[in-house]
1. Within the stretch 171-190, is there a residue that is in contact (Cβ under 8 Å) with a residue 12 or more places away in the chain, under 28 Å from Ala263 (Cα atoms) and of a type outside the set (Asp, Glu)?
2. Return the residues of the stretch 178-187 that are among the small types (Gly, Ala, Ser) and at pLDDT below 90; say none if nothing qualifies.
3. With the condition kept exactly as written, say whether any residue in the stretch 179-192 is surrounded by fewer than 17 Cβ atoms within 10 Å (Cβ to Cβ), in the same structural domain as Glu228 (by TED's automatic domain parsing) and in contact with a strand residue (DSSP E or B) (Cβ under 6 Å, 6 or more places away or on another chain).
4. Would you point out the residue of the stretch 59-69, among those that are free of Cβ contacts under 8 Å to residues at least 24 places away in the same chain and farther than 20 Å from Arg206 by Cβ, that is surrounded by the most Cβ atoms within 10 Å (Cβ to Cβ)?
5. Residues being over 13 Å from the mean Cα position of the chain (by Cα), hydrophobic (A, V, I, L, M, F, W, C) and at pLDDT 90 or above: count how many of those fall in the stretch 145-161.
6. Which ones in the stretch 111-131 are in a strand (DSSP E or B) and of a type outside the set (S, T, N, Q)?
7. Out of all the residues in the stretch 39-58, which are touching a residue at least 24 places away in the same chain (Cβ under 8 Å), more than 23 Å from Ala205 (Cα to Cα) and loosely packed, with under 15 Cβ neighbours inside 10 Å?
8. Please state which of the following conditions His81 fails to meet, knowing it meets all the rest: (1) surrounded by fewer than 18 Cβ atoms within 10 Å (Cβ to Cβ); (2) under 26 Å from Pro184 (Cβ atoms).
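The values are calculated or read from the model by the stated rules, or taken from the named source; none is laboratory data. Predicted model only: the values in this text are computed from it and were never measured. Every residue, glycine among them, receives a Cβ derived from its backbone with ideal geometry; neighbour counts consider all protein chains shown.
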Amino acid sequence: MEDLASFLRIRRSRVDPATVGIPVDNRRRVAGLRREEVAHLSGVSVDYYVRLEQGRATQPSEQVRDALARVLGLDETERGHLDRLACQRRRNTKAPGVRLRPELLRVLGLVADAPAMIMNHRMDVLAGNHLAELLHGRPMRGFNTARHIFLEEAGQGLYADWEKCTVDVVGHLRLAAGVYPGDPRLATLIGELAMNSERFRRLWARADVRARTHGRKAYRHPLVGLLELHQENFALPSEAGAELVVLSAAPGSAAEDGLRLLAGLTTGDDTAQDAGCAVLRPRRPPRPGSGPVRPVR
């Protein structure tokens, strides 16, 4: 999916020479830095750096990685990605399985007033509460958010900040590819997105790496309008690569009213597969913790 050599080549091409004190004139034809410039600024020989970019030297020391991260302008997340790529051959890269323990599903069911999901590193939704299904207009079983954003939304519809979402998704998938380079299902997903989405190909070529932690997430729901929510990602230490994702509304906000309205409705066939066209009827608000949780089986 990615190796150290390709990551170094891409990131070198994105560095503005002026930011590292190299004067630029109109005769310069190289995008970013030259190999010899990276070598000089990093304090390594040109021959060694060339071998790194050619994949013939694959395990640079921590001191060299520190220097490369500084020259290439990598942030903390990107530096961690560089370390993983440099140490891939020494690591067990088997993709983890996630066990949806009853206790874990019970915790998910306690989230009654906000959409909540359990997701793995491939962005597969493993379980979701009823509000999550109503928000996305479909059952959570078999739902992959990366595939949905790139291949189904195509810039319109549910995600009000679609372009930002695509950048975040690609950054997360690249990070996951560095953590689990031996995961064939992740490689298949990345290949599918690259084959079918020109925007995914362009963003993937930038080699950005992003960690999912928290931030604003805005949705344009066909029934309740704009929902400006806050996404919080909670890592599940006992289930490597899995997270509990909760989308909450600020108290007293229009989004809180929108979620309350959404929670008070249910689709005519109770599947939420097509929230924009389904016949809706009011439903009795659930008791806290009593909302259904639908795990993927």
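1. Checked against the condition, which is being in contact (Cβ under 8 Å) with a residue 12 or more places away in the chain, under 28 Å from Ala263 (Cα atoms) and of a type outside the set (Asp, Glu), the stretch 171-190 yields no hits at all.
2. Gly178, Gly182, listed by residue number.
3. no
4. The first filter runs over the stretch 59-69 and keeps only residues free of Cβ contacts under 8 Å to residues at least 24 places away in the same chain, leaving 61-66, 69.
Imposing the further condition that a residue be farther than 20 Å from Arg206 by Cβ reduces the set to 61-66.
Values: Ser61: 10, Glu62: 9, Gln63: 11, Val64: 18, Arg65: 20, Asp66: 15.
Filtering the stretch 59-69 for residues that are free of Cβ contacts under 8 Å to residues at least 24 places away in the same chain and farther than 20 Å from Arg206 by Cβ, the one surrounded by the most Cβ atoms within 10 Å (Cβ to Cβ) comes out as Arg65.
5. So the answer is 3.
6. Within the stretch 111-131, Ala116, Met117, Ile118, Met119, Asp124, Val125, Leu126, Ala127, Gly128 meet the criteria.
7. Passing the criteria: only Gly43.
8. (1)
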